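Inspection log for the structure reproduced underneath, given as structure tokens.
The values are calculated or read from the model by the stated rules, or taken from the named source; none is laboratory data. From a predicted model like this one, the values you see are computed outputs, not experimental measurements. As a convention, Cβ positions derive from the backbone with ideal geometry for all residues, glycine included, and neighbour counts pool all protein chains shown.
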């Protein structure tokens with residue numbers, strides 16, 4: 001869903017209650033004027049509610065809470081969606097960390113990530129290059145590194 005920021009349930013509930021208090025769709029500015037929240041916060045909460053399908057946005061930019069929505073249900077759904085988003089972001093970060101720390105072929109990792117069968121090392125990425133370097137003892141010349 002691409003949401004940013006943390007859901008503050010009390011702020012979200014204030015926005016939801018404000019929208020529920022209007023019989024007709026209202027502008028974001030009207031909601032902001034009624035609440036001790038910034039416009040950015042109100043916009044973020046409205047976006048969360050819209051993503052969950054608990055409010056309707058009109059073409060002229062006004063918003064209204066759907067009639068069949070309960071305030072507590074809407075805030076619980078938003079909190080659950082926030083938890084799912086955090087979990088997904090954490091998993092993506094973990095996968096990025098694993099990729100960065102891996103000593104395996106980068107191309108094979110990317111191919112496997114996209115769901116295709118693993119392939120043999122490519123021989124061209126930094127990890128394949130690093131794995132190809134080996135120490136070779138040459139008599140009288142000390143130790144040198146060469147590609148095999």
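Quick one: which of 68, 101, 45 is more than 19 Å from the chain's Cα centre (by Cα) and over 30 Å from residue 113 (Cα atoms)?
Checking each option against the conditions leaves just 68.
I'm checking my understanding of the structure. Among residues of the stretch 28-72 that are in a loop (DSSP other than H, G, I, E, B), out of contact with any strand residue (DSSP E or B) (no Cβ under 8 Å at 6 or more places or on another chain) and modelled with pLDDT of 90 or more, which one is surrounded by the most Cβ atoms within 10 Å (Cβ to Cβ)?
For the stretch 28-72, the residue satisfying everything is 37.
Can you report the number of residues in the stretch 100-112 which are outside any loop (DSSP other than H, G, I, E, B) and touching a residue at least 12 places away in the same chain (Cβ under 8 Å)? Write out each step before concluding.
Of the residues in the stretch 100-112, the ones outside any loop (DSSP other than H, G, I, E, B) are 100-101, 106-112.
Next, only the ones that are touching a residue at least 12 places away in the same chain (Cβ under 8 Å) stay: 106-108.
Number of matching residues: 3.
Return yes or no: is residue 62 farther than 21 Å from residue 77 by Cα and touching a residue at least 24 places away in the same chain (Cβ under 8 Å)? So that I can check it myself, show each step before the final result.
Values: farther than 21 Å from residue 77 by Cα: yes; touching a residue at least 24 places away in the same chain (Cβ under 8 Å): yes.
Spelling it out, residue 62 is indeed farther than 21 Å from residue 77 by Cα and touching a residue at least 24 places away in the same chain (Cβ under 8 Å).
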